[in-house]
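The values are calculated or read from the model by the stated rules, or taken from the named source; none is laboratory data. Bear in mind the structure is a predicted one, so any value in this text is a computation, not a measurement. Heads up, the Cβs are rebuilt from the backbone with ideal geometry, glycines too, and the neighbour counts pull from every protein chain shown.
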Amino acid sequence: METRIELIQGDITKLKVDAIVNAANPSLLGGGGVDGAIHHAAGPGLLEVCQLLGGCKTGEAKITKGYKLPAQFVIHTVGPVWGVGDRNEEMLLANCYRKSLAQATVHDCKTVAFPNISTGIYHFPKELAAKIAIREVRNYLAVNSIPEKIIFVCFDAENFAIYQELLSQ
Ligand code: ADP
C-alpha cells in the first residue's frame, strides 16, 4: 500500500489527526450516522458554529474547529444522495473528496481522515464510492505535499474489505 494512504476499521471520532471529514447533510446541523457521532463527540460548540455557516451545497466542503474531538479540525462535506436528482452523483462525490482535500491543504492539515462518504443513509453503492474516493485521493496526493497522510476510516466490515482489495491494486 502507498505510504501516504492508510486504511483502518473503526470510529473516526476517536482519531487524533489534524482533520476528520464529516459526511454531513446540507443544513450542517447534524444528523445520523457519522455526522451524529461527530457532533456528539465534539459537543455543542460544533453545532453553534455550524449554525453560522449557512449550510453547504452537495459536493462542497466547509471547515470548523474540532471542539472536544481529538481532531483539531472538522471538514464538513455533503455527499450526494444516490438515485435522486440529476444523476450527477459520481461527479458530486468526487467533488466532496477534492474540496475536502483543498480545505485540508489551505489549513495545513497534514493528517486527514475520511469516512466512506454517502455510503450510509445516502445509499451510494459502496464499491463505486470507494473507487472514486481512492482515485481522487491518489490524484490529489500526486500533486500536493499537504496533506502528508490520508486515513480511510471504514466503520463497517463490508467497506473495509472493499478498500483492502482496491488499495492493494
Ligand atoms: P451519508 O449520509 O453520507 O451516507 P452516513 O453517516 O449515513 O452518511 O454514512 C457514511 C459512512 O459513515 C457509512 O459507511 C457509515 O458506516 C460510516 N460511519 C458511521 N458512523 C461512523 C463513525 N463513527 N466513524 C466512521 N464512519 C462512520
**Complete:** Exactly one of 62, 110 is within 12 Å of the chain's Cα centre (by Cα), at pLDDT 95 or above, closer than 19 Å to residue 19 by Cα and away from the ligand (no atom under 11 Å from the Cβ), and that one is 62
**Asked** Can you name the number of the only condition in (1) surrounded by 19 or more Cβ atoms within 10 Å (Cβ to Cβ); (2) within 17 Å of residue 2 (Cβ to Cβ); (3) hydroxyl-bearing (Ser, Thr, Tyr) that residue 168 fails?
**Response** (1)
**Request:** May I ask you to list pairs of residues, at least six apart or on different chains, whose Cβ atoms are under 7 Å apart, with the first in the stretch 98-122 being closer than 16 Å to residue 147 by Cα and the second being among the polar types (S, T, N, Q) and away from the ligand (no atom under 15 Å from the Cβ)?
**Result:** 105/144
**Fill in**
Among residues of the stretch 1-27 being part of a helix (DSSP H, G or I) and not hydroxyl-bearing (Ser, Thr, Tyr), the residue nearest to the ligand (Cβ to nearest atom) is 12
**Message:** Going through 41, 23 one at a time, which residue ends up being surrounded by 22 or more Cβ atoms within 10 Å (Cβ to Cβ), modelled with pLDDT of 95 or more and not aromatic (Phe, Trp, Tyr)?
**Reply:** 23
**Fill in**
Checking 30, 54 in turn, the sole residue that is surrounded by 13 or more Cβ atoms within 10 Å (Cβ to Cβ) and assigned to a loop (DSSP other than H, G, I, E, B) turns out to be 30
**So residue 124, is it more than 16 Å from residue 17 (Cβ to Cβ), at pLDDT 95 or above, buried (at least 18 other Cβ atoms within 10 Å of the Cβ) and within 12 Å of the ligand (Cβ to nearest atom)** = yes
**Complete:** The residue from 137, 74 that alone is within 14 Å of the ligand (Cβ to nearest atom), on the phi < 0 side of the Ramachandran plot and buried (at least 18 other Cβ atoms within 10 Å of the Cβ) is 74
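Residue-by-condition table, conditions (1) in contact with a strand residue (DSSP E or B) (Cβ under 8 Å, 6 or more places away or on another chain); (2) within 17 Å of residue 15 (Cα to Cα):
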residue	(1), (2)
53	yes, no
80	yes, no
105	no, no
110	yes, yes
113	yes, yes
**Item:** Filtered residues of the stretch 87-121 (kept if farther than 13 Å from residue 58 by Cβ, buried (at least 19 other Cβ atoms within 10 Å of the Cβ) and among the aliphatic types (A, V, I, L, M))
**Value:** 101, 104, 112, 113
